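Visitor: Got a structure here, written out as structure tokens. Questions coming.
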Amino acid sequence: MKKIIAILLCLFVMLPAFAGCSNTSDTPAAGSNLTNAKDYLINMYQPDSKDKIEELRMDKDVLSVVTVDGVSYNVTWTVTISKGSADAVVIGKSDKANHVLIDIPDLPEEDIEFTATATVKDASGKTESANFKYKIVGVVMPGLTDAETVEEAYKLADGESLEDEATITGTVTSIETPWNETDKTVTVKIQVEDLADKLLLCPGLVVESADAIAVGDSITVIGYLTNNKGSIEFKAGCKLDAEIPDNEPGTTEPDKPGTDEPDTNTTTTANGTTGTTATTKPGAATKPTTKPTSGSSDKVPTTMAGMIDAAVALGDGGELPYTSTLTGKVIGVNEAYSSEFKNITVTIQVTGRENNPVKCYRLKGTDVDKIVKGDTLTVTGTLKNYRGAIELVNCTLDKRVATQTTIKQETDPEKIMAAAKKLTSGEDLGYDVTLRGEVVGLDSAYDPNFENISVVIKVAGSNLLCYRMVGKDVDKVLVGDTITVTGRIKNYNGTIEFGQGCTMLKREAGEAVILTEVKDIIEAAFALEPGASLPHDVTLTGKITEINTPYAAAYKNITVTIVVDGFDKYPLKCYRMKAASGDAAETEALKVGDVITVTGIIKNYQHSSGDCEVEFNTGCLFVKN
């Protein structure tokens, strides 16, 4: 794993560094030497319990040699996957002497569980083995909201389409083509939330009768969004996702999305407590309830953990058919309180289900404007599985217990960075900050589709990732520039970063030189300081000389080494590379001798051992020549 996402425990740093040295902590106590060697590994990598399952968040260096009383014993490591792709975890080469590497994937979408077996062997061939259980927690990558998807669609050029299928809920604003009795289709326009100037055309929706859809109805449409000669619309073949609400056609006026105030009725929720749930006004722009996916249990859980587990088990887009009441601590504010719509979006963490945070989407109720990080909330709503993330929709605030801890809002860059380093995974500072720093690396190139870029800046002596940064002139940012950025800093799986949507307020151009000649690119790449990257993404053509890591079906990538013609002494590793076409078969088919053109960020990657390697960073793309 290439990102540094955790601070290693001091013990794990110091002990392996002296592997193979006698009269040190790396030498087991006297006794049966083969058994002592095995026990030493157990004490080192699993000191608490043999049944303990350790969560891994980064690659792990493990000893391949153990010395007892001056005699060295080789250790062979193997991996058995019990959950996840068979090739998800591999044993690879370590940069540390007398070690091998348990190589785990970056940001897997699903949990991976495996057992690493260390087999110690003596000169006579006798062996003893020890098993270590590990789990890699899947990372739920945040998806776009319906409104954000519409905004992205309106950035499309004529003829372009969004890559992923969209599921959008909106209010019908007009019937563009009346219901056709022959093919039972109707064409309508919908408005998503408050985007009155960015309507979506939904052509050819199949419905059973002319009165099945009326202006003011809330509908959910599935399909691919495209720009058709300036009209942003679903492609032909789009379909309805849920039943049409029981509104009498023509009797309701569409409310402004997001402004409706729910009537509240007292209900008994799944955990037996009494709370309030929203009864939507007819015609209001709310999302219809989706039935649970097949295979979900009809039994109503009686615990909060059970409710969350049931939501996790749903397929994408599924909703539980009952209301749930949850109590949890606010670990992040996703969308600030809106005085216009009187709602807020926050993420809470429920005790016992810390790995499944729940986003409370547009939470309403008394005192929602006062919610801050650290508060404990009791909320009622409908749990939904949205692209693997768990959300509580149509939710109301039942109770707020204000945090007794006052968050000190730092303004000094050094104090801000110090506070950021203390954040736990998933936690944010609780307030926005503005920082100025020099760009020392490009994490991902400028994306013209989404008009963002990810860069690393140095602030108060520490590196800070600015993830998918937006703002004027972000497409011009180069290594060496000094930029001023504002946003919310958080700990994302161990990485301290400005979260997605951080904004560049100012760019002070540095003295970076744009490299275009192959000779200049390679010379500059191999002259980089440890950890540094070239000032911009580059493109090079070379022949594959080695397959470093075979094609991984789970992640559709491969790691190879290429040599550019005329520069045999300067091999370049292309780390976790994918086909620019997105065709996984094209990536899988790569072999030594193929000539490819690679585009990406070149950096001088510094291993934990201190050794460096010049390579195309994760995310590089290739085209086969």
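The values are calculated or read from the model by the stated rules, or taken from the named source; none is laboratory data. Just so we're clear, the structure is a prediction, and the values are computed from it rather than from any experiment. In this analysis, Cβ positions are derived from the backbone assuming ideal geometry, glycine residues included, and neighbour counts consider all displayed protein chains. The accessibility values were calculated without ligands, DNA or RNA, using every heavy atom of the protein model including side chains. Shrake-Rupley method; radii C 1.70, N 1.55, O 1.52, S 1.80 Å.
Visitor: Conditions first: (1) under 29 Å from L162 (Cα atoms); (2) touching a strand residue (DSSP E or B) at 6+ places or on another chain (Cβ under 8 Å); (3) outside any strand (DSSP E or B); (4) at pLDDT below 90. N449 passes all but one, so which condition is the exception?
Guide: Every listed condition holds for N449 apart from (2).
Visitor: Checking G494 against (1) in contact (Cβ under 8 Å) with a residue 40 or more places away in the chain; (2) open to solvent by 60 Å² or more (accessible area, probe 1.4 Å); (3) not charged (D, E, K, R): exactly one of these is not met. Which one?
Guide: Of the numbered conditions (1) in contact (Cβ under 8 Å) with a residue 40 or more places away in the chain; (2) open to solvent by 60 Å² or more (accessible area, probe 1.4 Å); (3) not charged (D, E, K, R), the odd one out for G494 is (2).
Visitor: Which of the residues that make up the stretch 586-615 are in contact (Cβ under 8 Å) with a residue 60 or more places away in the chain and either buried (at least 22 other Cβ atoms within 10 Å of the Cβ) or touching a His at 6+ places or on another chain (Cβ under 6 Å) (or both)?
Guide: G600, I601, I602, K603
Visitor: Are there any pairs with C-beta distances below 6 angstrom linking a residue in the stretch 307-335 that is within 18 Å of D398 (Cα to Cα) and in contact (Cβ under 8 Å) with a residue 24 or more places away in the chain to a residue that is open to solvent by 20 Å² or more (accessible area, probe 1.4 Å) and in a helix (DSSP H, G or I), with the two at least 6 apart or on different chains, and if so which?
Guide: Within 6 Å, the pairs are L326/M304.
Visitor: Something else now. Of all residues being of a type in the set (V, I, T) and closer than 17 Å to K490 by Cβ in the stretch 409-463, which is surrounded by the fewest Cβ atoms within 10 Å (Cβ to Cβ)? Just the residue, please.
Guide: The selected residue is T424.
Yes/no matrix, rows are residues, columns are (1) touching an Asp or Glu at 6+ places or on another chain (Cβ under 6 Å); (2) under 25 Å from Y492 (Cα atoms); (3) at pLDDT 90 or above:
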position: L320; (1), (2), (3): no, no, yes
position: I344; (1), (2), (3): no, yes, yes
position: L392; (1), (2), (3): no, yes, yes
position: T406; (1), (2), (3): no, yes, no
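Residues checked against (1) out of contact with any Pro (no Cβ under 7 Å at 6 or more places or on another chain); (2) surrounded by fewer than 14 Cβ atoms within 10 Å (Cβ to Cβ):
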| position | (1), (2) |
| --- | --- |
| A153 | yes, no |
| L156 | yes, no |
| T171 | no, no |
| T177 | yes, yes |
| T185 | yes, no |
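Visitor: Considering only the stretch 126-151, state which residues are more than 15 Å from E193 (Cα to Cα), at pLDDT 85 or above and open to solvent by 40 Å² or more (accessible area, probe 1.4 Å).
Guide: K126, T127, E128, S129, N131, K133, K135
Visitor: Another question, then. Looking at the stretch 475-487, which of the residues that are in contact with a Phe, Trp or Tyr (Cβ under 8 Å, 6 or more places away or on another chain) and crowded, with 21+ Cβ neighbours inside 10 Å is farthest from V137 (Cα to Cα)?
Guide: V477
Visitor: Looking only at residues that are of a type in the set (A, V, I, L, M, F, W, C) and farther than 20 Å from D520 by Cα in the stretch 616-625, which one is surrounded by the fewest Cβ atoms within 10 Å (Cβ to Cβ)?
Guide: The extreme case among them is V623.
Visitor: Applying the selection to the stretch 193-225, what residues are more than 14 Å from D241 (Cα to Cα), charged (D, E, K, R) and at pLDDT 85 or above?
Guide: Scanning the stretch 193-225 gives E193, D194, D197, K198.
Visitor: If I558 meets every condition in (1) under 23 Å from A86 (Cβ atoms); (2) of a type in the set (A, V, I, L, M); (3) in contact (Cβ under 8 Å) with a residue 60 or more places away in the chain apart from one, which number is that one?
Guide: It is condition (3) that I558 fails.
Visitor: While we're on this one: Taking the options L540, L515, L505, name whichever one is under 20 Å from K573 (Cβ atoms), of a type outside the set (K, R) and either assigned to a strand (DSSP E or B) or in contact (Cβ under 8 Å) with a residue 60 or more places away in the chain (or both). Step through it out loud before you land on a result.
Guide: On the way: L515 fails: either assigned to a strand (DSSP E or B) or in contact (Cβ under 8 Å) with a residue 60 or more places away in the chain (or both); L505 fails: under 20 Å from K573 (Cβ atoms).
Being under 20 Å from K573 (Cβ atoms), of a type outside the set (K, R) and either assigned to a strand (DSSP E or B) or in contact (Cβ under 8 Å) with a residue 60 or more places away in the chain (or both) holds for just one of L540, L515, L505, which is L540.
Visitor: If you go through the stretch 415-455, how many residues are hydrophobic (A, V, I, L, M, F, W, C) and more than 18 Å from the chain's Cα centre (by Cα)?
Guide: Qualifying residue count, the stretch 415-455: 11.
Yes/no per residue for (1) open to solvent by 10 Å² or more (accessible area, probe 1.4 Å); (2) more than 25 Å from I371 (Cβ to Cβ); (3) within 21 Å of the chain's Cα centre (by Cα):
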site	(1), (2), (3)
M307	no, no, no
A310	yes, yes, no
D316	yes, yes, yes
E319	no, no, no
V333	yes, no, yes
E340	yes, no, no
I348	no, no, yes
N355	yes, no, yes
